[in-house]
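Engineer: Questions regarding the structure given below will be posed in turn.
The values are calculated or read from the model by the stated rules, or taken from the named source; none is laboratory data. Everything numeric in this text was worked out from a predicted model, so none of it was measured. Note: ideal-geometry Cβ built from the backbone for every residue, glycine included; neighbour counts use all protein chains shown.
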Amino acid sequence: MGLFDFLSNDGDKKPVEPANKPAAGGATDFFGNSNQAAAQPAAAQGETYTVVSGDSLSKIAKNHYGDASKWHQIYDANKSTIGSNPDHIEVGQVLTLPKL
């Protein structure tokens, strides 16, 4: 796709509507799957973060909480996902960032 693909003389067109609209009031994830955790208040479940290349728990803690030493709280909330080695997180893991 090049620069000229974004330029057109078509004016204001309506965007394409998604094929499957989620049910009104239903809690679904990005893919439209039912998600019971999304129905809980944000304060109860905390925020989520998907690990990207180059991340560490301390780097995530520094960016989210402003203090790298709070990586222990992230690890404690995600032991079942991370496992016994807090230095081994994998790209794509979804971590819960607890409210402090």
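Engineer: Of everything in region 52-76, what is in contact (Cβ under 8 Å) with a residue 24 or more places away in the chain, aliphatic (A, V, I, L, M) and surrounded by 16 or more Cβ atoms within 10 Å (Cβ to Cβ)? Give them in sequence order.
Structural biologist: Matches in region 52-76: Leu57, Ile60, Ile74.
Engineer: Name the helices (runs of 4 or more DSSP H) wholly inside region 5-100 in which the number of residues that are modelled with pLDDT under 90 and within 18 Å of the chain's Cα centre (by Cα) is 3 or more.
Structural biologist: 42-45
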